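Okay, structure first, notes after.
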Amino acid sequence: MRWHKNLRFSFRALNRSRFRTLLSVSGVAIGIAAVAVLIGAGAGADLALQKSLERLGENLLAVNASLTTTGALRGEGRMHETLTMDDWRRIKDLPSVKRAAPVADGGGAVRVGARAQSFTIVGTTPEFHAAKKFDVVTGRFIDDDDVALRHRVAVIGAQVVDDLFFGEWPIGETMLIGNNPFTIIGILKRKGLNPDGTTDDGHIIVPVSTVQRRMLNVDHLARIFVQARSKDMIPVAEAEIATLLRGEHGFGRSTYADDFEIQDQAALLATQKKMSKSFGSLTLGLAALALTLGGVGLLAVSLLSVRERYAEIGLRIAVGAHARDILIQFLTESILLALMGGMAGVLVGGACILIGGQVTGWAMALTWETVAYPFLISLGIAIVFGAFPALRAARLDPIVALRSA
Amino acid sequence: MNILGLLDRADSGEYSIDGQSVSGLSASALARMRNAKIGFVFQQFHLLPRTNAVENVEIPLIYSNADNPQERAIAALKRVGLGERLKHYPEELSGGQQQRVAIARALVTNPELILADEPTGNLDKASGEDLMGLFEELSADGRTIIVITHHEKLAERAKRVVRIDDGRLTEVRHNSKRSSATPIGEVA
């Protein structure tokens, strides 16, 4: 017997018991929708991670002043104050390093007219622009003259514009950082959220020398961002920097801990990705549970259907159906149910992804995987959970089946 | 009945249909033989619910991959006098009409043998009479019809009566008043 004829029998059978069909389909649909949403959320998270990797800057290392762990006089838990502009100049000239940007952190109240708010002040050099991908939309970035002459100039993030200027034109305006007046020379392009949920849009970029001399009166740096020449050079750069700083700071020969730490920014993201993956496998487990419930529902309904249709099966065997025909018919019914459930689930899941992404602001993406995997899974469910009832139907003794009606 | 209909195998003895012994046949071969050579009529009709008359009658043809199943199903329904009820569901037909659909289904593969198990058991007297009339017509066409029944009066209409009491064959009788060359059996 040909498949398309079986398909007709199966369609008729499903049509005969529409409520039962609806029940099985919705069971599968719920599971599939859950899987579709999870895959969508996973794809969205990957996409967000990808974007933030691109935003972060390529092949970037952060050389941070580390926390002190010894030194009773100065107290533990403070930052080492040994990273300097000289270190930056030497790191910049290492063969594995493409460029480096020093950072002196300054926090504090920023005032424009009557409005005041706290922002992150980043004292740095022009290299910061390229290394960290801080693009300027209007005006200009700080330049070498600004650094050399300790100009009181500032490039402000999009968030700063939102909070302090309310749509007014900020370029050329003066803002007070602490008690120092700064002239605004540029506005940074909006970067959005980092993978850890923080944002760089509240940054105010000023010359490193201005922060060190005019604001904090210090010589040290908080960190140095280093861009390696290539991805392969990242470990080389790490080693070179470590050797250099240990030599300069005199820790290499002793048992003292380093006064700096080097972070591979991409590796940091990879760790985060791994964490989101393990969270993903938890939710995937929940989805598997939902799918299994859908599958068990399908199994129960199919068994019920076989039991209810003993007479039909007996009759089919009496008029010449082979056991194979009965098997194929019932398996086809399961597959049709699961595929309908799969389709409904993908539609519902897709809608959840599109609407949910808008409403919650979570990163979700509708990719081909969101559609393809649930379909394959529902097909698998149909075969796994449909096989048993179908086999049972095919092995039925026609005499018993006919008599039971 | 089950052995005659190839739904069960004989524990002992030999059963040949159309000169061919069935004891050595595979399940598939038996299925093909049921399809081609035997038509079943049951006391409970066994029509698929919410499936119209034509679709019910088509089923054996679909299993045998026959050409034009729909046309042949319609022809069989016309043969049993249901030409006006082709698209009716079993629920919309009387008991007698349902049994006629079942007979059309048994006829549609043009089998040599029609096996009817208490075909009038669920019918009123008039419908039962009609049905036996139909069987007599089919018998006159040269088809073998075996009717299993408890009704002595019904059995009197058969050409040959085989009486079985408690599994034992107790009587074989030929009714001379019937002109048909086709035997109809009785199992009591």
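Among the residues of the stretch A:13-31, those identified as within 13 Å of chain B (Cβ to nearest Cβ) and within 15 Å of residue A:340 (Cβ to Cβ) are A:13, A:14, A:15, A:17, A:18, A:19, A:20, A:21.
Quick check on this structure: which one of A:198, A:138, A:124 is hydroxyl-bearing (Ser, Thr, Tyr), surrounded by fewer than 16 Cβ atoms within 10 Å (Cβ to Cβ), touching a residue at least 24 places away in the same chain (Cβ under 8 Å) and out of contact with any Asp or Glu (no Cβ under 6 Å at 6 or more places or on another chain)? It is A:138.
Checked against (1) within 21 Å of residue B:119 (Cβ to Cβ); (2) assigned by TED's automatic domain parsing to the domain that holds residue B:71; (3) at pLDDT 90 or above, residue B:51 passes all but a single condition, namely (3).
For the stretch A:302-309, does any single residue satisfy the condition of being in a helix (DSSP H, G or I), more than 25 Å from residue A:340 (Cα to Cα) and of a type outside the set (Ser, Thr, Tyr)?
Applying the first criterion (in a helix (DSSP H, G or I)) to the stretch A:302-309 yields A:302-308.
Narrowing further to those that are more than 25 Å from residue A:340 (Cα to Cα): none.
Looking for residues that are in a helix (DSSP H, G or I), more than 25 Å from residue A:340 (Cα to Cα) and of a type outside the set (Ser, Thr, Tyr), one finds none in the stretch A:302-309, hence no.
Note on the stretch A:156-193: residues that are farther than 19 Å from residue A:108 by Cβ, part of a loop (DSSP other than H, G, I, E, B) and either over 35 Å from the mean Cα position of the chain (by Cα) or not small (Gly, Ala, Ser) (or both) amount to 8. Residue A:346 falls short on exactly one of the conditions (1) surrounded by 15 or more Cβ atoms within 10 Å (Cβ to Cβ); (2) within 14 Å of another protein chain (Cβ to nearest Cβ), and that condition is (2).
Check the stretch A:227-242 and report whether any residue there is closer than 16 Å to residue A:127 by Cα, surrounded by 19 or more Cβ atoms within 10 Å (Cβ to Cβ) and in contact (Cβ under 8 Å) with a residue 60 or more places away in the chain. Walk me through it before giving the result.
Pass one, the stretch A:227-242, residues closer than 16 Å to residue A:127 by Cα: A:227-229.
Within this subset, residues satisfying the condition of being surrounded by 19 or more Cβ atoms within 10 Å (Cβ to Cβ) are A:227-228.
Restricting the remaining residues to those that are in contact (Cβ under 8 Å) with a residue 60 or more places away in the chain gives A:227-228.
Yes, the conditions are met somewhere in the stretch A:227-242.
Under the condition of being out of contact with any Gly (no Cβ under 7 Å at 6 or more places or on another chain) and crowded, with 16+ Cβ neighbours inside 10 Å, which residue from the stretch B:22-35 is nearest to residue B:60 (Cα to Cα)?
Start the filter on the stretch B:22-35 by keeping residues that are out of contact with any Gly (no Cβ under 7 Å at 6 or more places or on another chain), which leaves B:22-30, B:33.
Those still in the list that are crowded, with 16+ Cβ neighbours inside 10 Å too: B:22, B:25, B:30, B:33.
Working: B:22: 20, B:25: 20, B:30: 14, B:33: 12 Å.
Across the stretch B:22-35, the extreme among qualifying residues is B:33.
Filtering the stretch A:110-135 to residues that are part of a helix (DSSP H, G or I) and under 19 Å from residue A:151 (Cα atoms) leaves A:127, A:128, A:129.
Selection of the stretch B:104-138 for residues being touching a Lys or Arg at 6+ places or on another chain (Cβ under 8 Å), farther than 27 Å from residue B:62 by Cβ and of a type outside the set (D, E, K, R) yields only B:132.
Candidates A:401, A:318: the one that is over 18 Å from residue A:10 (Cα atoms), touching a strand residue (DSSP E or B) at 6+ places or on another chain (Cβ under 6 Å) and within 14 Å of another protein chain (Cβ to nearest Cβ) is A:318.
Each row is one residue, and each column tells you yes or no for (1) within 18 Å of the chain's Cα centre (by Cα); (2) assigned to a loop (DSSP other than H, G, I, E, B).
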{"site": "B:56", "(1), (2)": "yes, no"}
{"site": "B:67", "(1), (2)": "no, yes"}
{"site": "B:72", "(1), (2)": "yes, no"}
{"site": "B:81", "(1), (2)": "yes, yes"}
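Scanning the stretch B:23-54 for residues that are more than 17 Å from the chain's Cα centre (by Cα), within 9 Å of chain A (Cβ to nearest Cβ) and farther than 24 Å from residue B:87 by Cβ turns up B:27, B:28. Apart from one condition, residue B:61 fits all of (1) out of contact with any Ser or Thr (no Cβ under 8 Å at 6 or more places or on another chain); (2) closer than 15 Å to residue A:9 by Cβ; the exception is (1).
Okay, residues lined up against (1) within 24 Å of residue B:108 (Cβ to Cβ); (2) surrounded by 15 or more Cβ atoms within 10 Å (Cβ to Cβ); (3) basic (Lys, Arg); (4) touching a residue at least 40 places away in the same chain (Cβ under 8 Å):
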residue: A:319; (1), (2), (3), (4): yes, yes, no, no
residue: A:322; (1), (2), (3), (4): yes, yes, no, yes
residue: A:332; (1), (2), (3), (4): yes, yes, no, yes
residue: A:364; (1), (2), (3), (4): no, yes, no, yes
residue: A:404; (1), (2), (3), (4): no, no, no, yes
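The values are calculated or read from the model by the stated rules, or taken from the named source; none is laboratory data. Bear in mind that the values here come from a model prediction, so they are computed numbers and not experimental data. Reconstructed Cβ throughout: ideal geometry from the backbone, glycine too, with neighbour counts over all protein chains shown.
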